[in-house]
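First the structure, in the form of structure tokens, and then the observations on it.
The values are calculated or read from the model by the stated rules, or taken from the named source; none is laboratory data. Every value quoted in this text rests on a predicted model; they were computed, and no experiment measured them. We place every Cβ from the backbone using ideal geometry, glycine too, and count neighbours over all the protein chains shown. All accessible areas refer to the heavy atoms of the entire protein, side chains included, with ligands and DNA or RNA removed. Shrake-Rupley method; radii C 1.70, N 1.55, O 1.52, S 1.80 Å.
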Amino acid sequence: MSTSSGQTAVPFSLPSFAADVGDAVVKVLDSGWVTTGPQTAEFEQEFADFLGAAHVVAVASCTAAIELSLRALELPPGSPVLTPSLTFCGAINAILHAGHRPVLVDIDEDTLVPSPATVEEAAGRVKPAAMVVQNQGGFPVDVPALAEAAGLDRSRVVEDVAHGPGGARGGVPVGAESQAACFSFYATKNLPIGEGGAVATRDAEFADRLRALRLHGMSKDSWRRYLPGGSWSYDVKRLGLKANMTDVQAAIGRAQLRLLPEWQRRRAELAARYDEALRDLPGLVLPRRDLGEDVRHAWHLYQVRVPEREAVIADLEKAGVSTSVHFIPAHQLSVYRELLDERELGSLPATDRVADGLLSLPLYPRLSDAAQDRVIDALADALRSRG
Ligand SMILES: *Cc1c(COP(=O)(O)O)cnc(C)c1O
């Protein structure tokens, strides 16, 4: 791609793939077993080791991971579930598809995630049975503090860590403080497979329930039925989904996982370069990230707040720089306005104030220093010309 200025464009996102991904895929195809099987089991173990998690269950997507986790909690149908409004629509859909009712939570304007105060306000509107917390951009939220504010035990917290492998708080990697931590391996995410997801949990029985639920609710998947000593027989005790991960995806994931620490290092380096270069730009607001010893950001996104966002986006496009917006809040989207009642929608003043200015800049391991400098220069020009 090139622009009118003749320079190569800077895409918003470009996935990295390990050099041995192709070989890994061919091996799986040659093995004669392509659906959920030995590669998936190996990937689950290796991802659990990376996270320091007790159990990982690999699934088709993070959206499926959230829905399956909520189903595995076995709440009464129609239970209220807290969720930030400023999240991906798939995460709200997952609550509804699990048969429950999203109750939207406002954010703290500085950090872009719910605070104990905003959670308490929402829990006062509708008493929740569970909550979904989300690590916006890769910023690890304080799960125990948010659970306490909601009046919920941590066994009722599902963590949407689509932005999160690599993050940590208080020396504890993301996912360790909740009942279920849900990861995404979508094309743009920190560990890209193309599509895929996983749930990490400390609860062995919960993990078993998820394993059944990801494949129709069957008590044994076909790999386990055909292992030596296995049999054709199975039971279906709970209604599940078709949301298993294939061995082709798992083989890609295993090759990718070996490069994840290096990719995380590069993401953090690029974020630090942005911090340094953007600090004093007129009109620009950087989210507060509470970094330091205690908090390791996973840097999925580099989000800023800008005035006159639509014009800034157009200027950046003209300079060959693609950007994105995370997210349009749920309460501004038609289907949720139709489906949710007033108490569930609530009033979300901080989300409304922030949402119009949010802008995500290119941030991925393949982004070169030179390409990042181009983003910085283009953003500086766009802001100075209207500052
Ligand atoms: C990408 C994303 C998801 C969904 O992930 P999929 O694997 O595509 O289903 C969920 N929540 C958030 C915050 C996301 O960014």
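Points worth noting:
- Of the residues making up segment 301-312, those that are open to solvent by less than 40 Å² (accessible area, probe 1.4 Å), more than 16 Å from the ligand (Cβ to nearest atom) and either closer than 30 Å to Leu82 by Cβ or in contact with a strand residue (DSSP E or B) (Cβ under 8 Å, 6 or more places away or on another chain) (or both) are Val304, Val306, Arg309, Val312.
- Matching option when the condition is away from the ligand (no atom under 16 Å from the Cβ) and either at pLDDT 95 or above or outside any helix (DSSP H, G or I) (or both), among Leu75, Leu82: Leu75
Here's the yes/no breakdown for (1) polar (S, T, N, Q); (2) within 30 Å of Gly99 (Cα to Cα):
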{"residue": "Phe183", "(1), (2)": "no, yes"}
{"residue": "Thr188", "(1), (2)": "yes, yes"}
{"residue": "Arg202", "(1), (2)": "no, yes"}
{"residue": "Leu257", "(1), (2)": "no, no"}
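- Of all residues making up segment 140-190, the number that are in contact with a helix residue (DSSP H, G or I) (Cβ under 8 Å, 6 or more places away or on another chain), of a type in the set (Val, Ile, Thr) and outside any loop (DSSP other than H, G, I, E, B): 3
- Condition met for Asp341 (out of contact with any strand residue (DSSP E or B) (no Cβ under 6 Å at 6 or more places or on another chain) and over 30 Å from Val126 (Cα atoms)): no
- Each residue in segment 320-370 was checked for being β-branched (Val, Ile, Thr), assigned to a loop (DSSP other than H, G, I, E, B) and open to solvent by less than 70 Å² (accessible area, probe 1.4 Å), and 2 pass.
- Filtering segment 85-96 to residues that are within 12 Å of the ligand (Cβ to nearest atom) and not polar (S, T, N, Q) leaves Leu86, Phe88, Cys89, Gly90, Ala91, Ile92, Ala94, Ile95.
- Residues located in segment 99-132, provided they are part of a loop (DSSP other than H, G, I, E, B) and more than 14 Å from the ligand (Cβ to nearest atom): Gly99, His100, Asp106, Asp108, Glu109, Asp110, Thr111, Ser115, Val126, Lys127, Pro128, Ala129
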